[in-house]
Amino acid sequence: MIVTVTPNPAVDITLTVGHLDPGHTHRVAPGIRRAGGKGLNVARVLTRMGSQALVVAPVGHNDLDWFGSDLGRIPFSLVEVPGNVRQSTAIVEPDRTTIINETGVGVDAEFWAELLAAVTGRLTDATCLVVSGSVPPGCPDTLYGDLVAAGRAADIPVIADATGTQLRNAAVAGATVLKPNASELLDTTGESDPVAGARALQSMGAGLVLVSLGEAGMIAVPADPAEPVLAARLGRILTGNPTGAGDAGVAGVAALLALNPRAHLDTRAILARATAWSAAAVLEPIAGEIDPARIADLEREITISAYEGQATTDTQKRES
């Protein structure tokens, strides 16, 4: 069982328009509303691909019943907190996606302690722990570090997808895999070169670092500096909704680590899996979805080679 933790879940709303004209009224088809957030997206993809996943998240009591119902057959352990869950809205056009994220409502310290206890109590039977996404105002800076440390104490691999202080603390606690995108890595380390940024996190204690480069693909920076940094990309640019693509990549890595805790040492296999699952998610209309039938074809399209640097900007991602 793969445990996924979402510190800042959201009600994800996806609206599709032919063309967004700012400042004007738009009539659109009914939007898609679902329980979301990065860890929930990871769990949905894992379930779709045949892995067992458990969702752990703090959820406002006004949305608690709906959240549980929307998760359907995915097992969950929801920590009830006051108020509502934040909203995250994706406005999808044929060639771009605009994201509007609420920051979330502050939660008292007692609830964070309850969340940590809920996660720790589920690690006995866990094969991998995934901690991903933003944190709401007032969240302790130590949360990601504490969660990673709990996973390491349970002797299971831990993947963290975050930014800033939370990402640094996940590195210090010894996360098995970190998966920021290039802009998150820059914000966290101050390094514009993604390899230098990854090395900075590894000097703090992190293992493998996967860095999303948007349309330019993904790179894998092994913890062992003697091993080559690898880059993966498709031979074409995919059009669709990139929201949740990174979460699908994390799900792919988690599925491998759940089967083999040392899979992160096979950099090429991890990178190919993360890139293919991320690409498959772009082709889906909403985050948290993936079509297993696409994976094999996408894996055949991926080119993996030694990384030689990049001069690109990140495709906008939804941090949820």
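Quick note: the coordinates plus some simple rules give every number you see, no bench work behind them. For clarity, every value in this text was computed on a predicted model and none was experimentally measured. Backbone-built Cβ (ideal geometry, glycine too); neighbour counts: all protein chains shown.
Per-structure values
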item: Pairs of alpha carbons in segment 181-320 whose separation is greater than 25 Å (percent); result: 20
item: Cβ crowding within 10 Å averaged over residues, with 160-173, 198-211 ranked highest first; result: 160-173, 198-211
item: Cα-based equivalent ellipsoid, segment 144-194: semi-axes from gyration tensor eigenvalues, Å; result: 21, 9, 7
item: Bins of 5 Å from zero: percent of alpha-carbon pairs in segment 122-258; result: 2, 11, 20, 23, 21, 13, 6, 2, 0
item: At 1.002 mPa s and 20 °C, Stokes diffusion of segment 239-314 via Kirkwood alpha-carbon radius, µm² per second; result: 164
item: The chain: most fluctuating residue of Ile156, Ile100, Ile304 per GNM, C-alpha cutoff 10 Å; result: Ile100
item: Integer Hz, Karplus 6.51/-1.76/1.60 couplings in order for segment 92-97, x for Gly and Pro; result: 9, 10, x, 10, 6, 10
item: Size descriptor, Kirkwood hydrodynamic radius, that averages inverse alpha-carbon separations across segment 58-112, Å; result: 13.1
item: Kirkwood-based shape ratio for segment 85-135, expressed as Rg/Rh from alpha carbons; result: 1.14
item: Inverse of mean 1/r across different Cα pairs in segment 1-87, Kirkwood, Å; result: 14.1
item: Descending semi-axes in Å of segment 240-282, equivalent ellipsoid built from Cα gyration tensor; result: 20, 9, 6
item: About the Cα centre, charge dipole magnitude for the chain (Lys/Arg +1, Asp/Glu -1 at Cβ), debye; result: 540
item: Evaluated at q = 0.06, 0.07, 0.12, 0.14 Å⁻¹: base-10 log I(q)/I(0), Debye formula over Cα of the chain; result: -0.18, -0.24, -0.74, -1.03
item: Rh (Kirkwood; distinct C-alpha pairs) - segment 52-176, Å; result: 15.7
item: Rg to Rh quotient for segment 109-167, alpha carbon positions, Kirkwood Rh; result: 0.94
item: Highest-MSF residue in the chain out of Leu64, Leu178, Leu20 [GNM, Cα springs under 10 Å]; result: Leu20
